[in-house]
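The block underneath contains the structure these notes are about, expressed in structure tokens.
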Amino acid sequence: MKMKTRWELANGVDRRWAETLLQDEDGKVVKQSPAKLVTCHHTDRGVFYVKRSRHKTFLFRPFKYWFKDSPGRWEWGAAQAMQALGIPVVRHLALCEIWSTRGLHEDILVTEGFDGKPLHEAGDVDSVQVMDFVEQCHQKGMVHGDLHPANILVHLPSGELRLADLKGVRIEKDPDPAKQMMDLAYLNIHFPMSLPEKLLRLSDQVRRKKMAIRCGRCLKNNREFDSQSHGGRRWWVRKPLLDKGLKALLANPDLALGGDSVLKAGRSSTVGRCDGWVVKRYNLKKPLNVIKDLFRPSKAKRGFRLSYHLELVGLSSPHIAAVAEDRVFGFLLRSFLVMEEIPAAVALGAAADRDGLTARVSKLIGRLHHEGFSHRDLKESNLLIDEQGEPHLIDLDGLSFEEKVASKVAVANLVRLDRGLRGRQVYTRANWIGFIKRYCRETGLRPANLRTRNFE
């Protein structure tokens, strides 16, 4: 297939030099995915970055760029427009597009390295300076669309700020104030600033939506997760944990589900532990579920994704390691979920009434509901307390996620927890009242919203 190359160069940039840079295979990989590759190149002329956006790996994607700008061309045009307006950005040197009769195969951007660090790595940076910088950009008509700390570079000696990653940038004569507010709200997620209360609430909403989208990467190939074959099964594996003796367990997870290693042997699931890992096998409970599971993810995959979601928002739960499904012609027979074991953990009902335990549990449950999660089986045995007295949520396939947990659902969760704790050492009436007060502070609910005879 014949390829055609199209170039656009900044003033003073030699095409032959740019072509030589693209052929350099010694560049350090900064970011890599099936559709994108970013490399850093150290040359005699300085430091340069090459961003490749690949389109040929997708079936119909190359064709659509006959009718719209490619990501590289969009960023190239945005950079030129922003430089003309005096907005500080990373200097873009060259744009290369590789075409065929099927459409765009690849677009490549070459940018000049900037002697600075991303905002979140730069240390003590004045948030007021950052807000003023963003406000100045907004006054010139910019709407960034992806304004997070990694896209603002800081020159440490001088404190100069520059924008990077301009793929979502728009320059408008009359920009939408709501979109510009969204820029600040998104930036505030990872770089807290002194924003008005309205923007802080918006930032919290944006954060929850972004985390809900981001958690889906645990079932994709990326730097942290990968699809691998072990023991004849297809596993989604957390790559940093593979070196901790996980491969042998993935080859035969049933070894952890026999003999003295079994923690729970039920009809719907079997739980066991082995060498610091906990394996949960979901069994076929009802024949009708075989038909239902054709149209929905398995409980193991739901638990895998929700566990990672909790981890992203900072809620304590066992770290997920791997998940697999046994399917025959699409019909689900069994599924496996592997997690890290919490050493010396005991259920909340069996834990001693130590100082601060009630406060930590109420904070965990309050944040759980504030983040939009509800647990249909919130009982004391699904709250594990480690050696340091920190609570952890388990049995996460029973979680559900909504933008907001209704007070009725919250009450149902608390009623179930209350009933399971009665008569336990950790439970006293004073502790429960203190629990409700702290819970209300975390969620913003009024105690009146939780009045119910079921607590009596």
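Each residue in the range 254-288 was checked for being surrounded by 17 or more Cβ atoms within 10 Å (Cβ to Cβ) and in a helix (DSSP H, G or I), and 2 pass.
Among the residues making up the range 375-397, those that are crowded, with 17+ Cβ neighbours inside 10 Å and part of a helix (DSSP H, G or I) are GLU380, ASN382, LEU396, ASP397. In the range 304-317, the residues that are assigned by TED's automatic domain parsing to the domain that holds SER227 and over 17 Å from ASP226 (Cα atoms) reach residues that are hydroxyl-bearing (Ser, Thr, Tyr) and assigned to a helix (DSSP H, G or I) with C-beta atoms within less than 8 angstrom, at least six apart or across chains, in these pairs: SER317/SER307. Of all the residues in the range 277-290, those that are more than 24 Å from LEU249 (Cβ to Cβ), of a type in the set (A, V, I, L, M) and in contact (Cβ under 8 Å) with a residue 12 or more places away in the chain number 1. Answer yes if at least one residue in the range 224-244 is in contact with a helix residue (DSSP H, G or I) (Cβ under 9 Å, 6 or more places away or on another chain), surrounded by 13 or more Cβ atoms within 10 Å (Cβ to Cβ), modelled with pLDDT under 85 and over 24 Å from GLN32 (Cα atoms), and no otherwise. Yes - at least one qualifying residue is present in the range 224-244.
Screening VAL29 with (1) modelled with pLDDT under 85; (2) closer than 30 Å to LYS2 by Cβ; (3) in contact with a strand residue (DSSP E or B) (Cβ under 7 Å, 6 or more places away or on another chain) gives one miss only, at (1). Exactly one residue out of TRP66, TRP76 is outside the structural domain of LYS173 (by TED's automatic domain parsing), over 23 Å from ASN222 (Cβ atoms), surrounded by 15 or more Cβ atoms within 10 Å (Cβ to Cβ) and touching a residue at least 24 places away in the same chain (Cβ under 8 Å): that is TRP76. Exactly one condition in (1) assigned to a loop (DSSP other than H, G, I, E, B); (2) at pLDDT 85 or above is not met by ASP353; state its number. Tallying (1) assigned to a loop (DSSP other than H, G, I, E, B); (2) at pLDDT 85 or above, ASP353 fails exactly one: (2). Of all residues in the range 27-64, those satisfying the criterion of being within 29 Å of the chain's Cα centre (by Cα) and not in a strand (DSSP E or B) are GLY27, PRO34, ALA35, HIS55, LYS56, THR57, PHE58, LEU59, PHE60, ARG61, PRO62, LYS64.
A single member of ARG422, ARG416, ARG446 is more than 29 Å from the chain's Cα centre (by Cα), over 22 Å from GLY314 (Cβ atoms), at pLDDT 85 or above and of a type in the set (Lys, Arg), and it is ARG416.
Residues in the range 85-140 that are in a loop (DSSP other than H, G, I, E, B) and among the acidic types (Asp, Glu) were compared, and the one that is surrounded by the most Cβ atoms within 10 Å (Cβ to Cβ) is ASP115.
The residues of the range 153-190 that are out of contact with any strand residue (DSSP E or B) (no Cβ under 8 Å at 6 or more places or on another chain), over 27 Å from ARG73 (Cα atoms) and either β-branched (Val, Ile, Thr) or at pLDDT below 90 (or both), listed by number, are PRO157, SER158, GLY159, ILE189, HIS190.
The values are calculated or read from the model by the stated rules, or taken from the named source; none is laboratory data. Being a predicted model, the structure only gives us computed values, none of them experimental. We place every Cβ from the backbone using ideal geometry, glycine too, and count neighbours over all the protein chains shown.
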